[in-house]
Protein chains: 6
Amino acid sequence: MGVTIHREAHFNAAHRLFRAEWSDEKNAAVFGKCSNPNYHGHNYRLLVSISGEIDPETGFVMDMKQLKELIVKYVEDYLDHKNLNLDVCEFKELNPTLENIIVVIYNRLRPHIAVDKKLSIKLWETRHNSATYSE
Amino acid sequence: MGVTIHREAHFNAAHRLFRAEWSDEKNAAVFGKCSNPNYHGHNYRLLVSISGEIDPETGFVMDMKQLKELIVKYVEDYLDHKNLNLDVCEFKELNPTLENIIVVIYNRLRPHIAVDKKLSIKLWETRHNSATYSE
Amino acid sequence: MGVTIHREAHFNAAHRLFRAEWSDEKNAAVFGKCSNPNYHGHNYRLLVSISGEIDPETGFVMDMKQLKELIVKYVEDYLDHKNLNLDVCEFKELNPTLENIIVVIYNRLRPHIAVDKKLSIKLWETRHNSATYSE
Amino acid sequence: MGVTIHREAHFNAAHRLFRAEWSDEKNAAVFGKCSNPNYHGHNYRLLVSISGEIDPETGFVMDMKQLKELIVKYVEDYLDHKNLNLDVCEFKELNPTLENIIVVIYNRLRPHIAVDKKLSIKLWETRHNSATYSE
Amino acid sequence: MGVTIHREAHFNAAHRLFRAEWSDEKNAAVFGKCSNPNYHGHNYRLLVSISGEIDPETGFVMDMKQLKELIVKYVEDYLDHKNLNLDVCEFKELNPTLENIIVVIYNRLRPHIAVDKKLSIKLWETRHNSATYSE
Amino acid sequence: MGVTIHREAHFNAAHRLFRAEWSDEKNAAVFGKCSNPNYHGHNYRLLVSISGEIDPETGFVMDMKQLKELIVKYVEDYLDHKNLNLDVCEFKELNPTLENIIVVIYNRLRPHIAVDKKLSIKLWETRHNSATYSE
């Protein structure tokens, strides 16, 4: 019987949305106040989901403590209290939208999750704006 | 890589559940205190989800500002601070249950969402009661 | 040592804000969309607080089960799934604003709370709008 | 058009994670502080979801009042204020992990849900740890 | 200008409410299902508040990192994943009600907070039941 | 009878904590990762409270729509999607801690609130860290 476990985590970061090759006017038109050159920031709320069979010995799909440690090591330590545009190499040329941050988090976690498990990522930028990627 | 974005919104409305062709007794038996002829009301919490590919130029599945404006125009302005039974034409003959309100919201938003995107609607009537429709 | 206990409760009701002796224009100007003659509604969230000394025998300021029953009997059964303007006698001539609903709830609960205890009432009409009365 | 309705419920219980045939050292290594022999506890938050067609007469996928009563009868009365290991027969030999508690809840509810409806169970053990089973 | 800072924390524990010198019948009558001899449990949510003047050099009433460490050391490490009745010496003869747990937490933290600061403790046992002590 | 009304609002901003006259080492020692020179950010949640008598004509302590507009004009438009250190003149030389942001918000709102009303400000930087100032 397949079950999905979910672990919530958080990180606080600054960012701005813009494309370097666009004019300031176009960036303002497309990204609005999110393109403020001095940055703004968010408390990001993250939900990492792992789907698979329940191990009959432990009763776990995956040990939640191990999942917590992976998220701390590969996501929180990497993104928390950072400027996504300046401090995180993946966003040197990639716009740090909700959608792209999810892709980066997925790519950082996927190698550390067993291949027979499915990985999903949900991320809230504010109470009202969120996004999800499911394998 | 397909991602889903989610936008939360709210509206406050009065309603009652009943069928005009049923007796008061039958309405009370089926709908309980929700059939109070003088109406009661709720703070409805809405989550609109759009699934599709990430636009490599903007990093967006869909511009969240545009989605917000569609929800304001076609849902919030239409339902907020209204009596669903009396003020909203779709419910003149349709019982304004959670399920039917979702169908009405879906039908109002669908024409304004690109055909290659999938649209889902989740609606909470209270903290404990909610419903979802997914394409 | 004085401690305050808090009990949360909920009721869902319809209402409209208006003064019968005012013109429709003045009601609309002062109360905006809250004066819709067909009513709108809310999920009200209530917090009742009782302050006093801890009883050394039970470890309670007041038995939370008794407080819960008082709230069910004098507030929830009286206001839940009602139209505040039409179904609740206190609001026949009193505008059912957050502030006035608090006064009504306070007056209904106060006789049932020991005189050596202090009673406070907090009420949320939406996530963003709330009010408090403290003795 | 298929819609899913969701009903939230809660129960508060004590438990410990361990396997009787393992040494204390192995239990501590695998389950950490969750294996405290004197138990710890949680406020469990439960979401039961039922998917199906909307009944055109009532506007319901399923009567939420009936769903609430089933959850009270088969889940809350059975698990609330209990020690899962000592008081609940299903866990006499089954480790009461999030995943296994979901299986037990599913098995208790499934016979009472119509066969043409799909049943899903989501359970939070803390704000950060949850799990889901979907048919 | 006096400001209050607030730090939220959590611990999960088992407990039962009872008085050893009372009969089982009296314990059941007064404490209801909370007196289950096999214990039940809760996710406790704690809010610690410190009031004082803002230090003009740091802009802090108190360093939130230091407050967090005090709470981890004196409250979370002491109460988390414990059976309050069996594992915590203060409750060997004291009923672990919300009110009494607050007194215990207050007494453990007070010696570590500067005497010119005021300390308040708020504790939630469930979403609906909480208590507060303010100096 | 004096009642307090509360209005919630939000703004998202970048900031860093540091004192220009301190060395990088001292800033790092005192402010930790909050002193990242490239900034980080938060979703700030704000609660503005106004205490006074209920106007018998309207049933309001203060018109919540007017309070909302004051908060939009003097707080949200001024702080939302800004870098507090670079874009907000009050923080050119003042460390943008929770406590100091509250003082700035209070000073911006106070002139627009009637002198016979009391004003309180509560601000959350994260779910776990908040602060309050009450007149």
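Worth a mention:
- Label point 7 Å beyond Cα along the C-beta direction, distances from residue D:21 to other copies (nm, shortest first): 4.9, 6.3, 6.3, 7.1, 8.3
- Rh by Kirkwood over Cα pairs, then Stokes-Einstein D for region A:76-124 at 1.567 mPa s and 4 °C, µm²/s: 110
- Per-residue mean of foreign Cβ neighbours for C:56-63 is 6 (Cβ atoms of other chains, 10 Å radius).
- Rounded to the nearest 100, the interface formed by chains E and D buries 1800 square angstrom of accessible surface, both chains summed, with a 1.4 Å probe.
- Cα-based Kirkwood hydrodynamic radius, region B:1-64, one decimal, Å: 15.1
- Pairs of alpha carbons in region F:3-134 whose separation is greater than 21 Å (percent): 43
- Modelled FRET efficiency - R0 30 Å, residue F:63 with residue C:135, Cβ distances, 0.05 increments: 0.70
- Surrounding net charge for residue B:108, when Lys and Arg each add one and Asp and Glu each subtract one, Cβ distance under 12 Å: -1
- Rotation relating A and F, chain F residue nearest the axis via C-beta, angstrom: F:41, 0
- Inter-chain neighbour count for D:100-107: the average number of beta-carbon atoms from partner chains within 10 Å of each residue's beta-carbon is 2.
- Placing a label point 7 Å from Cα along the Cα-to-Cβ direction at residue F:128 gives distances to the equivalent points in the other copies of 0.7, 2.8, 2.9, 2.9, 3.2 nm, listed shortest first.
- Rounded to 10°, Cα long-axis angle of helix B:98-109 versus longest principal axis of chain B: 40
- MRE, 222 nm, helices only [DSSP H, n ≥ 4, -39500 (n - 2.57), over chain C, to nearest 500]: -6500 deg cm²/dmol
- Accessible surface of region D:3-134, 1.4 Å probe, proportion on carbon and sulfur as whole %: 52
- Separation of region E:1-79 and region C:1-60, taken as the distance between their Cα centroids, equals 28 angstrom.
- Model label zone, residue E:107; criterion: amide N under 20 Å from point 7 Å along Cα-to-beta-carbon; scope region E:71-86: E:71-80, E:82-86
- Position residue E:33, label points 7 Å along Cα→Cβ, spacing to each other copy in nm (shortest first, one decimal): 2.0, 2.7, 4.1, 4.1, 4.7
- Chain A, accessible area per residue, ligands and nucleic acids excluded (1.4 Å, Å²): 41
- Each Cα pair under 8 Å and six or more residues apart adds its separation to the average, and for region F:1-58 the resulting relative contact order is 56 percent.
- Based on C-alpha pairs under 8 angstrom that are at least 6 apart in sequence, chain E has a relative contact order of 30 percent.
- Dimensionless Rg over Rh [region A:36-101; C-alpha; Kirkwood]: 1.11
- For residues of D:10-23, the mean tally of beta carbons on other chains within 10 Å: 3
- Cα-based equivalent ellipsoid of the protein assembly as shown: semi-axis lengths in Å, sorted from largest, via gyration tensor: 35, 35, 33
- Only lysines eight or more places from residue E:118 in sequence, or on another chain, were considered; those with a Cα closer than 20 Å are E:65, E:68, E:73, F:122.
The values are calculated or read from the model by the stated rules, or taken from the named source; none is laboratory data. All of these numbers come straight from a predicted model, not from anything done at the bench. Counting neighbours? That spans all protein chains shown, and the Cβs are built from the backbone with ideal geometry, glycine included. Protein only, heavy atoms only, side chains kept; ligands, DNA and RNA dropped before computing areas. Shrake-Rupley method; radii C 1.70, N 1.55, O 1.52, S 1.80 Å.
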